[in-house]
Structures are given as C-alpha cells and as structure tokens.
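To start, the structure under review is shown below, and the notes come after it.
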C-alpha cells in the first residue's frame, strides 16, 4: 500500500406489493447442530424471481425482501405466484408449491420454505398489500413479446419492434394499478385486444376513485441496419445490458447450474444465433459455464456480437465488510511482536493508541524523513503507525474503527448453525454462518476442512477462544478462498507450532501464532499479535 492509497476509505408506485422476506435459517436453520457439510450446489435454497398474477416482484437478495404490485381491489384470498427457486422443493404450510399453479391466501403473511438438496432451508415471509384507490399507472408493457420503455413521469411508452413488423394489428400485454384501461372508450384486455399502432395510441387508465391518467404509446420499427439485443433474461433473472460494449451480465442465485439455461430476449435484428445455431427466445438451451457470444443479424445482413457472462452468487452469508482495515494483513490495536525471521506479505499497522515503538520487536524498521510509512525486511509491503506523516494518522484511526465495526457485524449475524461440539477436528463445513457458545479446539495433527466454491462465504462466531494444536490445519477445498472465511473470536486465537490456518481473523483480544506456522488470511486484533518464525500471507483479491 502506498501513501496515495490512504484515500481508499477516505416507483415504486402506490401499487407496490411489499413482500417482506426474512431468512430464518440456512444449511439446516438456526439452532440446528452441524458436524459436517454438503456441496455448495446442494445447500442452495433461495428464490431468484417472484411474481403474483403477472405482477413482477423486485427481489433484493441482500435484504431478503421482495416487492410486487397488485391492483387496487384485487382479492388476496386466492393468488397464484410464479417463481424461480434454486432449492429442490418449495412449500407453504407443508404443501408443495408449483410455480404458476398453486394458489394461496395472502390475506395474512405467508411463509414460503425453500429446501435445498442437502435439507437446508430458507424461509421467505411474503406479505401482500393492494394499491390505493388513486393508483392509475401502467407498470409493465410489451407488444408481441417486445418490452416497452415506460417513462412514468412523462407518461409515455416507447416500443421498438424488429425490422419488417406490421404495426396495424399488434396485441399488448400490460399490467396496471388502475381499475380499468381503455383506448377511445374501448376496454383493453392484456394479451387479448389488438390495436393499430401506425400512429401513437393513447391509453386511458382509470383509478378506483374514477380519476384518470393518459399514457401515450409510440411504436417504431427498427431500421434495416438495426441489430441490438434490447432485453435479456435467464430463467426469469434479468441481465444487465451494456449497449456501448455489447456485454450482458446475468447474476444467478447461489446453486444455479449454468450448463443448461434458457434465455428470453428481445432483438431489433432479424435473427439471433450462437455458433451458427439459430436461437429462439424462451426455447433454446445453452451452456453458460463460459461466456457465450450471441450474433445478431440485421435485415441488411450486417451483424453485431453480444457477449453474455453468467455469474453465480456464492452460498453462505454475505461477506463481512472490512473497510479500511481490509488494507492490512496484520493490524493490532496495542502492538505486535515477532522473531526476526517471520515473512509477512501485505501491509502491517498498529492502532491509534500506540506509536511505531509498539512494532519494533522483531521488525527492523526504516522510515524515510517525513515518511508516511516504514519498511522492514520481514515485510513485503509497508508498515504504518499513527506517529508517521500525514495522511497516515487519519487512516490508522479509520482502520481501527472499521476493525471494530467488522467484528460487531460478524458477531451480530442472526440465525447461525450451532456447532454441536467444541472439537473441530475432522469436520467438513459447507458455506454458512456457524456459532459456538464455547471455545473451539482443533487437535494436533488434525484438519478442519471448509469445502466450497470461490464465491462462497463462511462466518464462524466463537463465544470464547480458538486453539489449534501442533501440525494442525484449516484446509480450504473446492476452490474456497481465504478472503471469504471470517472468524469472529470473542477472546484469543492460538495457533499451534508448524500448523496452517486460513481466513480473516477478528479477535477480541490476542492472536498468537506458534513457531513455523503459516496463515493465509488476515490477523486483525483488538489487542496484540505475536509471531515466531511464521509466514503470514494476505488473501488474493
């Protein structure tokens, strides 16, 4: 870290149906015991997309919430949900749910329980609210499957149809918050009524209180040279299209198998193909393990290529945000010491309540005149303390505060899996949030395995300390990475001699690393760090 890098730190309409989603369990649910774990895909239990009677919900995976829209006056006692889930089964009150088929009574909140292949469950609490009497908006609009662009302020809708489309008899599919929609006094039925769109068409939306709003729909036909993908989704999950770079990114929920997905898309071109194979929206299956190139051909036979990249969310909880303390491989509020032959890769810092003298034991520091950081032969990186030149003092204070914030975040995560034993020896843990009410031990010559993918996350809450015996190891398998493993330890970490440890460690007190051991991760201590001929390496980013 160089001195310049210190500055790192430094409508919904009235019809919106609020679907409040609460995660009450993962990988077995809060309060369950754990002695091992399944595969990453096997632990997937999420809802990726959700709608009711054609009203699309907004799924916020970070807050586990869903918002949907239903018109005023909609009876709530028999509504049908359409959803995409990664689990093996979805149930309401013990009844298996079939997307687009099963109806439920939403007069009171309804709990959807998604069960993963390994038996882990996630519960989504669904709450339905109808729109107000004054609501009169068109919230979704398409013509022959081509999605329109709605300007809710100007009350305009624009639709670009593919080259050669005849506009004199098109059928619109729409959702609205009003009680009725007409064109020149003719009632409109979504997906049924056809109209002539040669000229702009005015839709009159009437609210339940008889007030009205007019939307003007303008339809144009793409030029012979037009060759764009204007919308794209996979299994109901919408992609983000960058027309400038012609890249499309789709973020699928945890556990999604990407080797056989079906895309739905709209295009202004005359045809779409992948490696010469013509693509049919909503029908053609493709493997998205690697980026896929779509070739869109215009009516004049010119082409454009769009690259579709699919990512899969990691299993387990959201990572702990480290803030500025994430700049350090070692950070200790009250100081650190080492034998002179430790090898540290990454930046090192001590807290604002001490000076650089708290880091001199075992470190041969060299500080240039007026320098913001020192160097040491033991450190491949820089060394920072509050008594160094600006802007270091401010950054040290920020890093110390961020360390405490991260510790409290990890400690406060709800609904953990309760570890059944204080002995970690021989366990394999799938991604998830774990907690122990007592101190944990890893016996000498034994292994704790964390098995998962590169995006999966583990948080381990410990109401006490963690002690590992000599020649023990915390082993990451299946592509798991140390930056996504978080140890929140109420007291101290003590790693035995000739051992290996992995993860970001947030300790309430000390971190003591035995002789000739390795740590792949970060040691972030609210008191002191002690090392003895150890190798400490920050996680790869």
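Select from the range 311-326 the residues that are in contact with a strand residue (DSSP E or B) (Cβ under 6 Å, 6 or more places away or on another chain) and at pLDDT 95 or above and write down the one among them that is surrounded by the most Cβ atoms within 10 Å (Cβ to Cβ). Spell out the reasoning first.
So the first thing to find is which residues in the range 311-326 are in contact with a strand residue (DSSP E or B) (Cβ under 6 Å, 6 or more places away or on another chain), and the list is 311-312, 316-317, 320, 325.
Subsequent filtering for residues that are at pLDDT 95 or above retains 320, 325.
Working: 320: 22, 325: 25.
That would be 325.
Any residue that is in contact with a helix residue (DSSP H, G or I) (Cβ under 6 Å, 6 or more places away or on another chain), farther than 16 Å from residue 125 by Cα and at pLDDT below 50 - is there at least one of those in the range 12-27?
Step one: filter the range 12-27 for residues in contact with a helix residue (DSSP H, G or I) (Cβ under 6 Å, 6 or more places away or on another chain), giving 27.
With farther than 16 Å from residue 125 by Cα added as a condition, the list becomes 27.
Filter once more, keeping what is at pLDDT below 50: 27.
Checking the range 12-27: at least one residue is in contact with a helix residue (DSSP H, G or I) (Cβ under 6 Å, 6 or more places away or on another chain), farther than 16 Å from residue 125 by Cα and at pLDDT below 50.
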**Asked** What are the residues in the range 53-74 that are at pLDDT 80 or above, assigned to a strand (DSSP E or B) and buried (at least 21 other Cβ atoms within 10 Å of the Cβ), if any?
**Response** 55, 66, 68
**Residues being within 22 Å of residue 360 (Cα to Cα) and not in a strand (DSSP E or B) - total across the range 493-541** = 13
**Asked** Can you tell me which residues in the range 261-275 are modelled with pLDDT of 95 or more and in a loop (DSSP other than H, G, I, E, B)?
**Response** 275
**Request:** Starting from the range 258-269, keep only residues that are in the same structural domain as residue 235 (by TED's automatic domain parsing), then list their pairs with residues that are part of a loop (DSSP other than H, G, I, E, B) and buried (at least 24 other Cβ atoms within 10 Å of the Cβ) whose Cβ atoms are within a distance under 8 Å, requiring at least 6 positions of separation or different chains.
**Result:** 267/227; 268/227; 269/227
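Could you run through the range 201-255 and say how many residues are at positive phi and under 22 Å from the mean Cα position of the chain (by Cα)? Show your work before the answer.
Restricting attention to the range 201-255, the residues satisfying the condition of being at positive phi are 210, 235-236, 246, 255.
With under 22 Å from the mean Cα position of the chain (by Cα) added as a condition, the list becomes 235-236, 255.
Residues flagged as at positive phi and under 22 Å from the mean Cα position of the chain (by Cα) within the range 201-255 amount to 3.
Among the residues of the range 360-367, is there at least one that is surrounded by fewer than 21 Cβ atoms within 10 Å (Cβ to Cβ), over 30 Å from residue 267 (Cβ atoms) and touching a helix residue (DSSP H, G or I) at 6+ places or on another chain (Cβ under 9 Å)? Walk me through how you get there before you give the answer.
If we filter the range 360-367 for residues that are surrounded by fewer than 21 Cβ atoms within 10 Å (Cβ to Cβ), which is where we start, we get 360-362, 364-367.
Next, only the ones that are over 30 Å from residue 267 (Cβ atoms) stay: 360-362, 364-367.
Going one step further and asking which of them are touching a helix residue (DSSP H, G or I) at 6+ places or on another chain (Cβ under 9 Å), we end up with 365, 367.
Yes, that holds for at least one residue.
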**Complete:** Picking from 420, 385, 372, the residue that is modelled with pLDDT of 95 or more and farther than 23 Å from residue 510 by Cβ would be 372
**Every residue from the range 467-479 that is touching a strand residue (DSSP E or B) at 6+ places or on another chain (Cβ under 7 Å) and at pLDDT 95 or above** = 467, 468, 469, 472, 473, 474, 475, 476, 477
**Asked** Given the conditions (1) under 29 Å from residue 454 (Cα atoms); (2) in a loop (DSSP other than H, G, I, E, B), which single one is not true for residue 301?
**Response** (1)
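Which residue out of 104, 77 is surrounded by 20 or more Cβ atoms within 10 Å (Cβ to Cβ) and at pLDDT 90 or above? Reasoning before the result, please.
Values: 77 fails: surrounded by 20 or more Cβ atoms within 10 Å (Cβ to Cβ).
Criteria check complete, one pass: 104.
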**Request:** Test residue 334 against the criterion of being in the same structural domain as residue 400 (by TED's automatic domain parsing), surrounded by fewer than 22 Cβ atoms within 10 Å (Cβ to Cβ) and in contact with a helix residue (DSSP H, G or I) (Cβ under 9 Å, 6 or more places away or on another chain), and give yes or no.
**Result:** yes
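Is one or more of the residues making up the range 75-83 in the same structural domain as residue 162 (by TED's automatic domain parsing) and out of contact with any strand residue (DSSP E or B) (no Cβ under 8 Å at 6 or more places or on another chain)?
Let us first name the residues in the range 75-83 that are in the same structural domain as residue 162 (by TED's automatic domain parsing), namely none.
Scanning the range 75-83, I find no residue that is in the same structural domain as residue 162 (by TED's automatic domain parsing) and out of contact with any strand residue (DSSP E or B) (no Cβ under 8 Å at 6 or more places or on another chain), so the answer is no.
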**Request:** Please give the number of the condition residue 191 fails out of (1) at pLDDT 95 or above; (2) surrounded by fewer than 16 Cβ atoms within 10 Å (Cβ to Cβ).
**Result:** (1)
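The values are calculated or read from the model by the stated rules, or taken from the named source; none is laboratory data. Since the model is a prediction, treat every value here as computed from it, not as a measurement. Counting neighbours? That spans all protein chains shown, and the Cβs are built from the backbone with ideal geometry, glycine included.
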